[in-house]
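Structure first, commentary second.
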Amino acid sequence: MNTTYSFQIYKSASLLPLEWNSLATKNIFLTREYLEVLEKSSPVNMICHFIGIFKSEKLVGIALTQFLFTEKLESFGERDQCLKTSVRNFAFKKFASHVLFIGNNMLTGQNAFSFVENVNQSKIIKTLHKAINELKKELKSIGKKVHITSIKDFTESEIEPLKAEFKNNFTFSTQPNMIFEINKNWKSEQDYIDALSKKYRDQYKRARKKMDGIEKRKMPLAEIIKHENVIYDLYSHVAKNAPFNTFFLAKNHFSTFKEIMKENFLFYGYFLDGKLIGFNTLIKNGAVMDTYFLGYDESIQREKMLYLNMLYDMIAYSINQGFTEIVFARTALEIKSSVGAKPLKMYGLITHTNALINKNIGKLFDYLEPKTDWKERNPYKEIS
């Protein structure tokens with residue numbers, strides 16, 4: 001019986017095989033609809049490709065790749081104006097400006113691929129490897145040589161079979177994914193508040209008091225389109241203040257997301273005196289709630305503890321709607337920890353086309369990925 005594995009690289013979500021979504025039932029971020037959002041509103045410096053892996057003629061694996069070329073970026077993040085930043089930016093432009101991600105650089109977690117159950121894991125990963133090499137050749141032929149290839153984000157056990165195939169890769173670990181587990185006995189926000197220790201209950205009350213005068217509402221597509229410029233300004237402000245950025249969203253990203261994903265994508269606006277001063281977004285991914293991009297006016301954010309209130313709002317909604325966990329992703333680790341999120345260590349593989357640089361990729365990686373010192377908090381009462 002012939003069980004040859006083959007692959008197909010697709011440049012558009014409209015060309016994907018009909019059965020594609022049957023392999024994405026556990027992850028909305030690999031569905032045809034989400035990939036269409038990416039295709040129609042991806043960052044200016046990103047090209048997405050979708051890989052189908054076949055055993056004989058049957059689709060047995062699907063994967064997402066994102067090629068980032070930073071020459072179109074004006075800023076990598078402007079917060080750290082110092083020598084290290086300028087050296088990092090130089091190193092980035094010189095040695096790492098063309099990066100091929102197998103996975104999704106806009107999200108945290110294993111959103112790289114999905115395989116059917118009972119498939120020969122080493123064979124399918126080997127075929128994926130061949131597809132990646134073919135894609136690199138295709139990119140080189142249009143003048144976009146890949147410097148760095150990175151496969152991300154996996155837990156410790158998930159990364160092992162990849163390490164066996166991608167042998168000359170450096171295994172790295174970045175900031176953890178902050179996961180908020182929802183206690184199955186919690187039926188409302190009040191149950192969550194009752195579980196907090198006095199110090200963190202006081203923090204909750206203080207933050208909620210600061211929200212006086214701010215109106216929060218779910219925004220439909222028409223309203224998102226109407227406020228598109230303000231939304232983009234609020235998002236850009238937060239993105240530019242991040243310590244390091246490899247992309248900036250397209251202006252139409254949120255409206256495209258809402259249009260295609262409908263009720264699986266939630267957009268909440270925060271208004272003060274009728275003016276939009278902040279927003280956050282959520283994506284329903286089965287029983288898991290994924291937090292997505294947000295934005296705010298910094299001057300109001302501080303005074304109104306807007307960011308912390310957004311976290312509490314996301315928790316309240318997810319409990320009320322019966323979700324099992326919230327993926328709070330990276331960044332702002334300490335504040336997320338203070339509301340009850342726990343760090344999950346994530347790993348990736350990285351390799352450079354230049355053999356000499358590849359030998360020292362660990363050092364280069366440390367330079368490009370700023371380290372974050374933070375203190376883990378536990379906001380809950382001690383269980384006696």
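Considering only Cα-Cα distances, which of the following residue pairs are longer than 28 Å: LYS216/LYS258; LYS58/LYS184; LYS240/LYS275; LYS152/LYS218?
Values: LYS216/LYS258 18 Å; LYS58/LYS184 39 Å; LYS240/LYS275 22 Å; LYS152/LYS218 32 Å.
Checking Cα-Cα distances, LYS58/LYS184; LYS152/LYS218 exceed 28 Å.
For SER157 and LYS26, what does the FRET efficiency come to when R0 = 22 Å and r is the distance between their Cβ atoms, rounded to the nearest 0.05? Mind showing how you got there, number by number?
Working: r = 17 Å, r/R0 = 0.76.
The pair SER157/LYS26 has a calculated efficiency of 0.85.
Each part reduced to its alpha carbon centroid, the stretch 149-198 and the stretch 309-384 end up 7 Å apart. Toward the positive end of the charge dipole of the stretch 187-321, with +1 on the Cβ of Lys and Arg and -1 on the Cβ of Asp and Glu, the farthest Cα among TYR317, TYR200, ASN245 is that of TYR200.
Extension gain, LYS275 to ASP202, is 23.4 nm, computed as 0.36 nm per intervening residue step minus the present C-alpha separation. Along the axis of the charge dipole computed for the chain (Cβ charges of +1 for Lys and Arg, -1 for Asp and Glu, origin at the Cα centre), the listed residues HIS98, ILE28, TYR268 are led at the positive end by HIS98. Rolling a 1.4 Å probe over the protein heavy atoms gives the stretch 286-384 an accessible area of 48 Å² per residue. The label point for LYS40 and the one for LYS209, both projected 7 Å from the Cα toward the Cβ, are 4.6 nm apart.
The GluC sites (Glu not before Pro) of the stretch 1-54 that meet both conditions, a loop assignment by DSSP and at most 15 other Cβ atoms within 10 Å of the site Cβ, are GLU19. Take every pair of alpha-carbon atoms less than 8 Å apart whose residues are at least six positions apart; their mean separation over the length of the chain yields a relative contact order of 22 percent.
Restricting the trypsin sites (Lys or Arg not before Pro) of the stretch 307-370 to loop positions (DSSP other than H, G, I, E, B) with no more than 14 neighbouring Cβ atoms within 10 Å leaves LYS345. Return the whole-Å distance between the Cα centroid of the stretch 228-297 and the Cα centroid of the stretch 205-221. Going from one Cα centre to the other spans 16 Å. Working from label points 7 Å from Cα in the Cα-to-Cβ sense, the ARG302 to LEU18 distance is 5.9 nm. Taking only protein heavy atoms and a 1.4 Å probe, the accessible area of the chain is 53% carbon and sulfur.
The values are calculated or read from the model by the stated rules, or taken from the named source; none is laboratory data. These numbers come from a predicted model, not from an experiment. FYI the Cβ positions are ideal-geometry reconstructions off the backbone, even for glycines, and counts take in every protein chain you see. Protein only, heavy atoms only, side chains kept; ligands, DNA and RNA dropped before computing areas. Shrake-Rupley method; radii C 1.70, N 1.55, O 1.52, S 1.80 Å.
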